[in-house]
Amino acid sequence: MIVGIGVDVVLVTRFEQQLRKAPALRERLFTEAERPLNTRSLAARFAAKEAVAKALGAPAGMNWQDCQVAMDAAGAPHVKVQGTVAAVAEAKGVQRWHLSLSHDGDVATAMVIAEG
């Protein structure tokens, strides 16, 4: 059963400008494992985090660092949640996440399906 679907699009150059303008944003939005990645990868991960929030109904109080995009052994991205995001997901009955990331030119896109 699908609990929620989320999609988000991020303009990479605009996202890069925001990171330059507010360097603390990198620490607020991303986990320690994500922070060293290039801007293009960070933009896609931010889109994924936004898509996760949308799939959960965008509840207030979720911590950005409680959602991480990691890669499996084959290089496929997957969602890892903990803390505030895991609590909302559990309350909504989410048992599995599906994630697709895409880049094209200056656009990074993420689609998330929360499955119960």
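The values are calculated or read from the model by the stated rules, or taken from the named source; none is laboratory data. None of the values given here were measured: they were computed from a predicted structure. Reconstructed Cβ throughout: ideal geometry from the backbone, glycine too, with neighbour counts over all protein chains shown.
Points to keep in mind about this one:
- Enumeration of residues in the stretch 31-69 that are acidic (Asp, Glu) and within 11 Å of the chain's Cα centre (by Cα): Glu34, Glu50, Asp66
- Residues in the stretch 29-44 that are surrounded by 11 or more Cβ atoms within 10 Å (Cβ to Cβ) and either hydrophobic (A, V, I, L, M, F, W, C) or free of Cβ contacts under 8 Å to residues at least 60 places away in the same chain (or both): Leu29, Phe30, Thr31, Ala33, Glu34, Arg35, Leu37, Thr39, Ser41, Leu42, Ala43, Ala44.
- With respect to the conditions (1) in contact with a Pro (Cβ under 9 Å, 6 or more places away or on another chain); (2) among the hydrophobic types (A, V, I, L, M, F, W, C); (3) within 21 Å of Val107 (Cβ to Cβ), Val79 lacks only one, and its number is (1).
- Residue match in the stretch 14-26 (condition: at pLDDT 95 or above and touching a strand residue (DSSP E or B) at 6+ places or on another chain (Cβ under 7 Å)): no
- Residues of the stretch 81-99 that turn out to be loosely packed, with under 15 Cβ neighbours inside 10 Å and touching a helix residue (DSSP H, G or I) at 6+ places or on another chain (Cβ under 9 Å), as a count: 3
- Matching residues, the stretch 1-30, being more than 17 Å from Asp106 (Cβ to Cβ) and β-branched (Val, Ile, Thr): Ile2, Val3, Ile5, Val7
- Among residues of the stretch 82-99, those that are among the small types (Gly, Ala, Ser) and either in contact with a Pro (Cβ under 6 Å, 6 or more places away or on another chain) or touching a residue at least 12 places away in the same chain (Cβ under 8 Å) (or both), counted: 4
- Of all the residues in the stretch 48-81, those that are of a type in the set (Gly, Ala, Ser), at negative phi and touching a residue at least 24 places away in the same chain (Cβ under 8 Å) number 5.
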